[in-house]
Amino acid sequence: MDANHPANVAAQIARPRFSASADWIGLAAIFASAVVGYLLFPNNLALLTRVIGIVMLVLSVDLVTGFCGVATLGHAALFGAGAYAAGIAAAHFGITDPIAMIAAGAAGGAVAGLISGLVVLRGHGLGQLVLSIAIVNLFHEAANKVASWTGGSDGLTDIAPSPLFGVFAFDLWGRTAYVLGIALLVIVFFLLQRLSRSPFGMLCRGIRQDPIRVAAMGASVRKTLLKMYIISGMVAGVGGGLNAISTQVVGLDSLSFTLSAQALVMLVLGGTGSLYGAIIGTVVFMLFEDFVSAANPFHWLTIMGALLVGVVLFAPRGIFGTAAQLFDRRRRR
Amino acid sequence: ETIKVGVVGPFSGPFAIQGKNFKAGIDAWMALNGAKVGENDVEIVYRDLPAANPAQAKALAQDLVVKESVQYLAGFYFTPDAMAVTPLLEQANVPMVIMNAATSAIVTKSPLVVRTSFTLWQTSVPMAKVATARGIKKVITVVSDYGPGVDAETAFATTFKADGGEIVESVRMPLSTTDFSPIMQRVKDSGAEAVFAFLPSGPTTLGFLKSYNENGLKGAGIQFLAPGDLTQESDLPALGDTALGVTTTFHYSVAHDSPENKKFVEAARAAIGNPAELSFPSVGAYDGMRVIYKMIEATGGKQDAAKAVDAVKGMAWESPRGPVSIDPESRHLTQNIYLREVAKAADGTYYNKEIQTFANMADPGLAAAK
Amino acid sequence: MTAAPLEISGLTAGYGQTRVLEDVSFVAPAGARLAVLGRNGVGKSTLLATIAGQTRCHAGEIKLGGVDIVGRDSASRAWLGLGYVPQERDIFPSLTVEENLLVGLKDRQRSAVEEAYAMFPRLKERRRNRGNQLSGGEQQMLTTARTILGRPSVLMLDEPLEGLAPVICDELMAALMRLASGGEMTILLVEQRIRAALDFADQVLILERGRIAWTGTPAALHASPQTVERLLGVAAMPHSVA
Amino acid sequence: MSAVFEVERLSKAFGGLAVTQAVSLAMAPGDRVALIGPNGAGKTTFVNLVTGHLKPDSGVVRLAGEQLNGMNPMQRVQRGLVRSFQVTRLFPEMTPREHLALAVLQRQGRTGRLFGTFWSMPEVLEEIEVLLRTLGLEAAADRKVAEIAYGQQRLLEIALALALRPKVLLLDEPAAGVPQSETPRIESALAGLPADLAVLMIEHDMDLVFRFAKRVIVLAAGTIIFDGAPGDVTKDARVREAYLGSYADDRSAA
Amino acid sequence: MQSVLSIAVDALAYGMVLFVISIGLSMTMGLMRVVNLAHGAFAMVGGYLASYAVRDLGVGYVAAVVLAVAGTVVIAAPIERLLYRRIYNKPELIQVLMTIGITFCVIGIANYLFGPTLKTIPLPEMLSGPVDLGFRSIAAHKLFAIVCGLAVAAALWYLVERTPFGVKLRASVDNAPMAAALGVRTKSVYAASFAIAVGLAAFGGIVGAELLPIEPYYALRYMVTFLVVVSVGGAGSIGGALLACLVLGAVDTTGRYLVPEYGEFFFYLAVIAIVCAFPRGLLGRA
Ligand SMILES: Nc1ncnc2c1ncn2[C@@H]1O[C@H](COP(=O)(O)OP(=O)(O)OP(=O)(O)O)[C@@H](O)[C@H]1O
Ligand SMILES: Nc1ncnc2c1ncn2[C@@H]1O[C@H](COP(=O)(O)OP(=O)(O)OP(=O)(O)O)[C@@H](O)[C@H]1O
Ligand SMILES: [Mg+2]
Ligand SMILES: [Mg+2]
């Protein structure tokens, strides 16, 4: 009888593969690579900060695409909304405190996420993809049109964030921006790890695999996805805000289809459905791009293309996905 | 000692031809003037920025300054990219020489910015004068809906109206437009005597000019006025007869008749490989290099941005495009603007034939902004 | 003497690293009606799928009419005379019933689809409907009929009775019996309904964790209730009508 | 008699084909009804109409007195009308345990939670364990569904429906693909269902039907041709001809 | 009235050009279930080959079209064999990654071989002049595009819906292992239909070159438009693609005439409206 006591039952069941310690190891790995990045490339911090901003965008794509199965080629709308929200707060309302700007970015991203979600979730499959393209293009056009707020195609300038905590100024070497970026990334990553384990995260994965089954369990597919879209918007918005702070300009490119498509490519490159995949994909893509485009500014696109093709051929689940699979296989033997 | 110059431009991507022209202009300069200023070697470090992307522009500039330790930043095809970099200059102690980006306001963002290209105000205002001189009363403007297009429209309309002309309609079309028939129909229906147009050079200009012909506007006697971006030399082979007779105003024609230009074109064509690809960004780059060499000379190779910029204020020389000088106050280039017409040469190639000169134009855009 | 239609020896197969079948060997003579039985998950479906070329064969030999087919792809196996009706009702959802049948024809005349309609009149009524608009049972009829139309020399059916109304089951089993008794066709039947399978088969093969655990005739199986109990987990054998 | 579930004159046609024609039925709590009929008679369609996966042309569906027309499938499930699918619909990359966790959490309205996991909720774990045991799925509990045999997937399909603790349970061929050796598990699971739950089961396995059902409804060409006790159904000439075939002989012989 | 008619003509011409180029993509995406973002790249290759044939080899227009289409298919065949074959039946996102990679490579190579400038395909006398329609004149090449579009639509429809090949293709796509088990040589079927789709892309690239001129970035520049058209129509549906092209062509053209500065808005709002009303595209397969 006693064996059936809830606590005992729980104790009898082997916990699954993941465990809290793996989470901490992951966070520690991110932190460690951040420190290594800082020490090894003290002169590339601007690039690295930009990478962090884009990592947030790609994480945000992962939330809807990798976890929920909603394909999107329009996620830059969320990122750009965050960037413009932070930039406009600073340039037009004098809100120059970096933390407040990040908050503005997150809020802007969340609102854009809500709008995108409301539209995109009305479609299925390819329809979704096209709706997302339409959304990002509409956002882009709108930002171009209200040039008095956004600076139009000349970009939004005059963003001058005040020093972080009133002490650390955003300088040429970009140290402050980098440290701020890393701190934000670690926080966001920690929260997303939690999220992906949570009942909500599980429900989302269920939706990706079979939405009809989820509905047959009495859960609302639309509401769940919309919620995820808003969360995803906040994550992208933080990235956009970070970008606005570190570059002090926001351009229309941050709302572009191109950026959206790149983000998706980075995600698939790293491996969908895993937070690590999103980070690894972005870092590999951007550093590789930076490296080859500096090495050969004229023909690097071909090499980039070859990389993508190579990944599909030799690591069809993306870099992280395939590595994890290999590791798993080896361990099982 | 080696002095590094960081050049940011579109070397791949849809605008690669413009980046190629940057490089051709720079190579031409170095071929003609050597890679040494006094004791110092000059080395160019290129960074690719395929499309307008201020965040990346800033990251690249930072990378150039901090890691490559460049003493000069140059290039910049798009305005937002240049704008993104200006806040860095002071702290980095680096002057920036703009070889293309054409929005007037950039030079006001930092005292360390010098421009050797042109602004859309500079090239559009003379076109309004031409229209008035031709006795045209009603014009419709058609521009691409982005910064430079709006600049061109404003510049033209302001000047034309001040001279008593009438703008019957102002059309702004999305950059992505590919089919211009409906726009031409609209031009036709507007009752204007001439159309003032601006599109970024590239694939769409072909369709635009074709539509102009095919929809019978040319036949109906509606004149075509535009800044020279529309008849960029590299597009002329593709435009072919379609462009014949189109008149544009611009600061530079590859066919400009002067010994200085002959020398330049020869060197630049050798550098670019395909002679047909040479066009205006190359001359901005060529003159930009002249300015940078002067700066190096003035500072003796020491990094001192303010001194370097001061040294070129008021500098005047004979450029391949004609006589030019740097306005000491705005640090923008005062230059001649030419009215040109697309013509066919004896060897069957097309070129922009200069038919009228507007001498010593400063940037009217800066004046208008005040 | 001509080679047997189907000869399996030492067959080992599975998914990725996991092995599902271990060293399975048997021979099906011409016109044989072989029933493959076994508990849930012992590898019955895997056996058929491996023979059909849909699952990788790790080791062993599969001979079809004397030809070793291990290296060949499914399509060539089909042209060599193998017919396979999978368990999961693999109809083509966006094709109409008639088009589904056409795919199975191989190079036969289009008019041959009438044979399928004769076997299952229900399909004829629904001939213009798309596959995904069919009821479960209709889909089952369609998969079976489609494969039979290709006139295979060896026909493998994975639970063809699932989801069929009792009357239709009777008719299908009768039709299969007719096909086999002509001697042209050798039939391999995996079926959960033990009684139906035993009524049909002339030889029984029971799998247990990927290995052949028992072979014999239906009569012998009837005579040994403890085998049934042990290998199939069914306490009392439902008695046969025959 | 107080009906928990009522259907009135439900009709549906696809193009020209009337698949459901004015079907009416009522079920009381605790009812055990089998819905049988020839292939293509409209049984699955009937279930789809009731659960909201298809929109009826006319007719009314009521659950515990509340009219369900116009509600989507999800809302119907939330009110206690739960189904299983004829062709399994599961999450291929999740384990049975995770499936059940999701179902249990959903029933408790906890799937919106952003933090915490079911592994740290002992009462949820225990409920899952009980369900797994009932259907004999313990061994497969932590393997991906894509890797477990089809028969076990069918069992999981039933477990999922049970985890939602419905008022009315609609089972579409729950035993199809389940080997005879395993059908007792299903039967025992069904036997162990709460006494006040109304169950409607579609099934072609007559042995199971006759052991389970207290009432049999026969649907043919979209209309109910028989509604009565299991004992009487084999005697009905129309049913024998349209559906049962030799089975009826067997059974009367037995 | 005059201008309404005039707009209608423009809309039709624009729509049909879009159709000619997009229909091959509709085939790969809808029938082969491959999100082939390299479609534009193949259209571009066709354009380059045709331009090269006419300008540098001095071949006649018709011969150049045939040569270019055939040439593109020949170039694409090994790519299909080595790369595409690995991504049939793979998740869409993997297909996106691979085909974007291919596109990048094609762009890079085109840039290297032909330079970054525009390439035109000189038209024969017959197609280059305007044709008088009574109320206005229209470029002859636009009429040509309309005719080509209709011809392609009809031929493709027949092939897919009425021939045994079409049945085998659709069966292979629905369920490749099962089709193979029934004796369909799925690999050859895929290779053949891929060749057809690529041929159509090349043909569209050539016929549409007057509106969408050939340059290295062609491959990416118009991809979004093609993707939108195909999805709005419903991938794999020929009628759907045709309808989508006409509707979107009309919206785009009218918007551009009436309110050019909001042209994009109307186009994308129309896209959103249509997709919301028809989540699987106008005539999409379920
Ligand atoms: N795709 C797969 N990947 C990994 N393992 C699999 C896969 N398909 C089946 N298996 C495993 O192989 C074993 C045999 O499965 P198979 O489907 O052949 O059984 P079966 O005898 O047909 O069972 P059933 O009677 O339930 O249909 C099972 O343990 C199953 O878990
Ligand atoms: N979407 C649809 N369009 C057209 N006809 C359909 C559609 N869905 C079902 N049908 C037809 O309706 C009839 C009833 O189908 P249904 O699935 O309800 O049958 P069923 O009684 O469940 O049969 P089975 O026992 O074989 O599962 C079938 O003939 C089927 O072909
Ligand atoms: Mg099986
Ligand atoms: Mg059914």
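The values are calculated or read from the model by the stated rules, or taken from the named source; none is laboratory data. As the structure is a computational prediction, the values presented were derived from the model and not from experiment. FYI the Cβ positions are ideal-geometry reconstructions off the backbone, even for glycines, and counts take in every protein chain you see. Surface accessibility is based on the protein's heavy atoms, side chains included, excluding ligands, DNA and RNA. Shrake-Rupley method; radii C 1.70, N 1.55, O 1.52, S 1.80 Å.
The figures follow:
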{"quantity": "Helices (runs of 4 or more DSSP H) enclosed by region C:120-183 - at least 2 residues per element that are modelled with pLDDT of 85 or more, within 16 Å of ligand 3 (Cβ to nearest atom) and closer than 24 Å to C:Ser76 by Cα", "calculated": "C:136-149"}
{"quantity": "Number of positions in region C:129-155 that are open to solvent by 30 Å² or more (accessible area, probe 1.4 Å), more than 9 Å from chain D (Cβ to nearest Cβ) and under 20 Å from D:Pro38 (Cα atoms)", "calculated": "2"}
{"quantity": "Subset of region A:223-251 (residues that are in a helix (DSSP H, G or I), touching a Phe, Trp or Tyr at 6+ places or on another chain (Cβ under 8 Å) and of a type in the set (A, V, I, L, M))", "calculated": "A:Met228, A:Ala236, A:Ala244, A:Ile245"}
{"quantity": "Any hit, region B:144-165, residues being open to solvent by less than 20 Å² (accessible area, probe 1.4 Å), within 14 Å of chain E (Cβ to nearest Cβ), in contact with a Gly (Cβ under 7 Å, 6 or more places away or on another chain) and part of a strand (DSSP E or B)", "calculated": "no"}
{"quantity": "Selection status of C:Ala165, over 23 Å from D:Ala221 (Cα atoms) and either within 16 Å of ligand 4 (Cβ to nearest atom) or open to solvent by 10 Å² or more (accessible area, probe 1.4 Å) (or both)", "calculated": "no"}
{"quantity": "Strands (runs of 3 or more DSSP E) (entirely within region B:1-114) containing at least 2 residues that are surrounded by fewer than 24 Cβ atoms within 10 Å (Cβ to Cβ)", "calculated": "B:2-9, B:40-48"}
{"quantity": "Some residue of region D:96-111 being open to solvent by less than 50 Å² (accessible area, probe 1.4 Å), more than 8 Å from every other protein chain (Cβ to nearest Cβ) and not in a helix (DSSP H, G or I)", "calculated": "no"}
{"quantity": "Residue among E:Ser188, E:Ser172 that is open to solvent by 10 Å² or more (accessible area, probe 1.4 Å), within 14 Å of chain C (Cβ to nearest Cβ) and not in a loop (DSSP other than H, G, I, E, B)", "calculated": "E:Ser188"}
{"quantity": "Residue match in region A:208-220 (condition: of a type outside the set (Gly, Ala, Ser), farther than 28 Å from D:Thr88 by Cβ and part of a helix (DSSP H, G or I))", "calculated": "no"}
{"quantity": "Of the criteria (1) open to solvent by 50 Å² or more (accessible area, probe 1.4 Å); (2) at pLDDT 85 or above; (3) under 17 Å from the mean Cα position of the chain (by Cα), which one D:Asp142 fails", "calculated": "(3)"}
{"quantity": "Wholly enclosed helices (runs of 4 or more DSSP H) of region C:1-104 bearing at least 2 residues within 10 Å of ligand 1 (Cβ to nearest atom) and among the hydroxyl-bearing types (Ser, Thr, Tyr)", "calculated": "C:44-52"}
{"quantity": "Residue tally, condition without any contact (Cβ under 8 Å) to a residue 40 or more places away in the chain, within 14 Å of chain B (Cβ to nearest Cβ) and assigned to a loop (DSSP other than H, G, I, E, B), over region A:164-193", "calculated": "3"}
{"quantity": "Of all residues making up region A:196-207, the number that are open to solvent by less than 10 Å² (accessible area, probe 1.4 Å), facing chain D (nearest Cβ under 7 Å) and part of a helix (DSSP H, G or I)", "calculated": "5"}
{"quantity": "Residue ID - farthest from the other protein chains (Cβ to nearest Cβ), chosen from residues in region E:232-286 that are surrounded by fewer than 20 Cβ atoms within 10 Å (Cβ to Cβ) and not in a helix (DSSP H, G or I)", "calculated": "E:Leu283"}
{"quantity": "Region B:227-254 - residue that is closer than 24 Å to E:Ser128 by Cβ and among the hydrophobic types (A, V, I, L, M, F, W, C) and, of those, most open to solvent (accessible area, probe 1.4 Å)", "calculated": "B:Leu244"}
{"quantity": "Pairs where the first residue, in region D:119-137, is within 14 Å of D:Thr95 (Cα to Cα) and the second is acidic (Asp, Glu), C-beta under 9 Å, 6+ apart", "calculated": "D:Glu129/D:Glu138; D:Leu132/D:Glu138"}
{"quantity": "Hits in region B:314-333 - residues which are open to solvent by 30 Å² or more (accessible area, probe 1.4 Å) and of a type outside the set (A, V, I, L, M)", "calculated": "B:Gly314, B:Glu318, B:Pro323, B:Ser325, B:Asp327, B:Pro328, B:Glu329"}
{"quantity": "Count - residues of region B:174-198 that are surrounded by 24 or more Cβ atoms within 10 Å (Cβ to Cβ) and under 23 Å from A:Gly152 (Cβ atoms)", "calculated": "5"}
{"quantity": "Condition met for B:Lys210 (more than 9 Å from every other protein chain (Cβ to nearest Cβ) and open to solvent by 30 Å² or more (accessible area, probe 1.4 Å))", "calculated": "no"}
{"quantity": "Those residues of region E:83-102 which are among the β-branched types (Val, Ile, Thr) and within 7 Å of chain A (Cβ to nearest Cβ), in sequence order", "calculated": "E:Ile87, E:Ile94, E:Val96, E:Ile100, E:Ile102"}
{"quantity": "Any chance C:Glu115 is more than 16 Å from the chain's Cα centre (by Cα), modelled with pLDDT of 90 or more and either hydroxyl-bearing (Ser, Thr, Tyr) or in a helix (DSSP H, G or I) (or both)", "calculated": "no"}
{"quantity": "Residue tally, condition in a strand (DSSP E or B) and over 19 Å from B:Ala102 (Cβ atoms), over region B:340-358", "calculated": "11"}
{"quantity": "Within region D:148-162, tally of residues that are more than 16 Å from ligand 4 (Cβ to nearest atom), in a helix (DSSP H, G or I) and within 10 Å of chain C (Cβ to nearest Cβ)", "calculated": "4"}
{"quantity": "Residue ID - farthest from the other protein chains (Cβ to nearest Cβ), chosen from residues in region D:163-184 that are in contact with a helix residue (DSSP H, G or I) (Cβ under 7 Å, 6 or more places away or on another chain) and without any contact (Cβ under 8 Å) to a residue 12 or more places away in the chain", "calculated": "D:Gln180"}
{"quantity": "Among the residues listed as B:Lys353, B:Lys344, the single one being over 20 Å from B:Phe118 (Cα atoms) and open to solvent by 30 Å² or more (accessible area, probe 1.4 Å)", "calculated": "B:Lys344"}
{"quantity": "Test: residue in region E:210-222 that is in contact with a helix residue (DSSP H, G or I) (Cβ under 7 Å, 6 or more places away or on another chain), farther than 24 Å from E:Ile138 by Cα and open to solvent by 10 Å² or more (accessible area, probe 1.4 Å)", "calculated": "yes"}
{"quantity": "Filter pass, C:Leu48 being open to solvent by 10 Å² or more (accessible area, probe 1.4 Å) and touching a Pro at 6+ places or on another chain (Cβ under 8 Å)", "calculated": "no"}
{"quantity": "Qualifying strands (runs of 3 or more DSSP E) (wholly inside region D:1-87; at least 2 residues being more than 16 Å from the chain's Cα centre (by Cα) and closer than 24 Å to D:His204 by Cα)", "calculated": "D:5-14, D:17-27"}
{"quantity": "Output for region E:82-98, where each listed residue is β-branched (Val, Ile, Thr) and more than 19 Å from A:Gly273 (Cβ to Cβ)", "calculated": "none"}
